[in-house]
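The values are calculated or read from the model by the stated rules, or taken from the named source; none is laboratory data. None of these values were measured; they are calculated from a predicted model. We place every Cβ from the backbone using ideal geometry, glycine too, and count neighbours over all the protein chains shown. Protein only, heavy atoms only, side chains kept; ligands, DNA and RNA dropped before computing areas. Shrake-Rupley method; radii C 1.70, N 1.55, O 1.52, S 1.80 Å.
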Amino acid sequence: TKKEEESRAGAHGLVMWAITVVAGLALLALAAAGGAPRLHGGSPRSESSISAYWADILLHPMGPHAATRGEDLAQDKAEAARVLAADMHPGNTAHADNRDDLLRLTAMDAGGSYQQTAERVDFVEYQMRQELDMARKGAGYAALWVGLALLFGAVLSIAAAISARWEDDKIGFSMKRRY
């Protein structure tokens, strides 16, 4: 019957849409696995590089700094980056201990009073949390739009398959037969 033919055409459109989505995801996975490091120059942006940036800001000298400490400063920056990365993790329960470590490293490497050190640590943690929240919101919006685009694609593929069946039967959108 006409209804069965339209149902089959709609199912065919839905299956073709699903195959296309799976093929697109497979291509994306292949590109991410093999081509992504080459696109980023061998060093993709990661949590450690982001926290290393904030560790540099945290341990930047507050005033005239007589002598940089060379390897010690590099090790302190690496430690601060690890502490900042761990501190931003949602399940972290050792926030007070991490803050004490950051205060110690900042006071030792950047100089300044306890108040200046505490303000800098608070500023860096606040900025990192703001960036993390913005990234979460962006990911949420992207997921919403991708979901809506996939839904729209499914509806459009079903409609296109039904329309192709109509064309095959020489039925136009006005439902009048064209002989």
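What to note about this one:
- Among the residues making up segment 113-137, those that are open to solvent by less than 50 Å² (accessible area, probe 1.4 Å) and either within 20 Å of the chain's Cα centre (by Cα) or at pLDDT below 80 (or both) are Glu125, Met128.
- A Cβ distance below 8 Å, combined with a sequence gap of six or more or placement on separate chains, defines the contacts here; from segment 152-167, residues that are part of a helix (DSSP H, G or I) reach residues that are among the charged types (D, E, K, R) and open to solvent by less than 60 Å² (accessible area, probe 1.4 Å) in the pairs Ile162/Glu6; Arg165/Glu6.
- Leading residue by the ranking (modelled with the lowest pLDDT) among those in segment 152-169 that are open to solvent by less than 100 Å² (accessible area, probe 1.4 Å) and more than 13 Å from Gly13 (Cα to Cα): Asp169
- Residues in segment 60-87 that are in a loop (DSSP other than H, G, I, E, B) and modelled with pLDDT of 75 or more: 0 in all.
- Filter result (surrounded by 10 or more Cβ atoms within 10 Å (Cβ to Cβ) and at pLDDT 75 or above) within segment 28-52: Leu28, Ala29, Leu30, Ala31, Ala32, Ser51, Ala52
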